[in-house]
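Participant: There's a structure below that I have some questions on.
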């Protein structure tokens, strides 16, 4: 692996994403690579910024800061387990698949979780991992929950 490029880790706060985070940080430590934890968001999925008031829509930067603060708090314990890994948390505004694919252009690896969606759930919500696998500019590792089986 190209050790100068980062390992991009998709994170959405789910238990599956937490597994992907651990796996991505393990690989970053193994290859002495920086890690970029990416949490894409829309105004519907972002936490409410501190500047929010009824009747006032805060700027996009305020939403991004709220996302970064939430993710930083959520993953602090996991990051602490990998003190040698340089971790940068990013919060691009947009659909997760699109943002991960864009980030893959400068990455050595993208690590995403398999949310194990099937049927109508996958049809309605889409599969970010599938989209990233199909369109990524680099290799992709899809982390499945322990015991998950396909077939």
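Participant: Which numbered condition trips up residue 75, out of (1) closer than 13 Å to residue 13 by Cβ; (2) exposed (fewer than 14 other Cβ atoms within 10 Å of the Cβ); (3) in contact with a strand residue (DSSP E or B) (Cβ under 8 Å, 6 or more places away or on another chain)?
Facilitator: Exception for residue 75: condition (2).
Participant: Looking only at region 53-65, decide whether some residue is at pLDDT below 95, in contact with a strand residue (DSSP E or B) (Cβ under 7 Å, 6 or more places away or on another chain), within 24 Å of residue 34 (Cβ to Cβ) and surrounded by fewer than 20 Cβ atoms within 10 Å (Cβ to Cβ).
Facilitator: no
Participant: Looking at this structure, is residue 52 touching a helix residue (DSSP H, G or I) at 6+ places or on another chain (Cβ under 9 Å) and closer than 21 Å to residue 107 by Cα?
Facilitator: no
Participant: Please verify whether residue 129 is at pLDDT 95 or above, closer than 25 Å to residue 44 by Cβ and within 16 Å of the chain's Cα centre (by Cα), treating the condition exactly as stated.
Facilitator: Judged against the criteria, residue 129 is not a match.
Participant: Out of everything in region 21-43 that is modelled with pLDDT of 95 or more and part of a loop (DSSP other than H, G, I, E, B), what residue ends up being surrounded by the fewest Cβ atoms within 10 Å (Cβ to Cβ)?
Facilitator: That would be 32.
Participant: Out of the residues in region 1-20 that are more than 9 Å from the chain's Cα centre (by Cα) and not in a loop (DSSP other than H, G, I, E, B), state the one that is surrounded by the fewest Cβ atoms within 10 Å (Cβ to Cβ).
Facilitator: Once the filter is applied, the top-ranked residue is 15.
Participant: Inspect all residues belonging to region 89-112 and state whether any of them is modelled with pLDDT under 95, assigned to a loop (DSSP other than H, G, I, E, B) and buried (at least 17 other Cβ atoms within 10 Å of the Cβ).
Facilitator: no
The values are calculated or read from the model by the stated rules, or taken from the named source; none is laboratory data. Treat the numbers as computed from the prediction; the structure is a model and nothing was measured. Cβ: placed from backbone, ideal geometry, glycine included. Neighbour counts: every protein chain shown.
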